[in-house]
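What follows is one structure encoded as structure tokens, with my remarks underneath.
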């Protein structure tokens, strides 16, 4: 069966520090991968998605970037964090042609 | 572009009472519709989905939802709420192609009074 791993679960980082959040999927090949951010009272905002290795689409302009170095690995990064980057980050995957998405357990990022 | 509206930010019901969470969508074609549930500090779990066919869909944990094309709605219902149902609920619309993305509503926080 397929599983999705996301880490770390919680992270407290100072303003201006770098960020790297990692997500991996097991049990499937060539998944679509997604990074969402959830801010209080604002629902889920799609940040990036990827339909294949090295293919990244950005949905909103921001201080973050994403990379997909391997088929089942998706990384969310920042060179210098801002206070406004605080939030709950969720990784998700689905299969090509299928919109049903499966989510990781999320990372709570607090920028101080 | 597609959009989802969940008009109720917070809902409080008594345990054992019935529940209906509202969801309206905007999309030019027949959408794929989903309801997800999120417990505090956790990821999202799929409750149910509508792709086509029978407009009343059954999900996990005793939930059901009805797709009404004329009202552009996909409301979530449960006949008798349990205290463990307290969580945040998200409605989403999905489109195939262009990354098979989901667009979420802002969520409804459900509180269950004992």
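How about region A:23-37: which of its residues are touching a strand residue (DSSP E or B) at 6+ places or on another chain (Cβ under 8 Å), over 13 Å from residue A:103 (Cα atoms) and in contact (Cβ under 8 Å) with a residue 40 or more places away in the chain? Break it down into steps so the answer makes sense when it comes.
Applying the first criterion (touching a strand residue (DSSP E or B) at 6+ places or on another chain (Cβ under 8 Å)) to region A:23-37 yields A:23-28, A:30-37.
Of the ones still in play, those that are also over 13 Å from residue A:103 (Cα atoms) are A:27-28, A:30.
Selection gives A:28, A:30.
Hey, does region B:101-114 have a residue that's in contact with a helix residue (DSSP H, G or I) (Cβ under 7 Å, 6 or more places away or on another chain) and surrounded by fewer than 16 Cβ atoms within 10 Å (Cβ to Cβ)? Yes, there is a match, as at least one residue in region B:101-114 is in contact with a helix residue (DSSP H, G or I) (Cβ under 7 Å, 6 or more places away or on another chain) and surrounded by fewer than 16 Cβ atoms within 10 Å (Cβ to Cβ).
Of all the criteria given as (1) in contact with a strand residue (DSSP E or B) (Cβ under 9 Å, 6 or more places away or on another chain); (2) surrounded by fewer than 19 Cβ atoms within 10 Å (Cβ to Cβ); (3) within 21 Å of residue B:103 (Cα to Cα), the one not satisfied by residue A:61 is (1). Note on region B:75-100: residues that are within 14 Å of chain A (Cβ to nearest Cβ), surrounded by 18 or more Cβ atoms within 10 Å (Cβ to Cβ) and touching a residue at least 24 places away in the same chain (Cβ under 8 Å) amount to 9. Considering chain A, the qualifying strands (runs of 3 or more DSSP E), each wholly inside and each with 2 or more residues that are within 11 Å of another protein chain (Cβ to nearest Cβ) and more than 21 Å from residue B:46 (Cβ to Cβ), run over A:44-52, A:55-58. Test residue B:59 against the criterion of being within 14 Å of chain A (Cβ to nearest Cβ) and within 27 Å of residue A:47 (Cβ to Cβ), and give yes or no. Taking the combined requirement at face value, the residue does not satisfy it. Among the residues examined, residue A:98 qualifies as farther than 24 Å from residue B:5 by Cβ and surrounded by 13 or more Cβ atoms within 10 Å (Cβ to Cβ).
Restricted to region B:16-114, the set of strands (runs of 3 or more DSSP E) holding at least 3 residues that are under 11 Å from the mean Cα position of the chain (by Cα) and within 25 Å of residue A:23 (Cβ to Cβ) comprises B:32-38, B:44-50, B:87-94.
Rule-based calculations on the coordinates, nothing more; no lab input. Every value quoted in this text rests on a predicted model; they were computed, and no experiment measured them. Cβ atoms come from the backbone with ideal geometry, glycine included; neighbour counts cover every protein chain shown.
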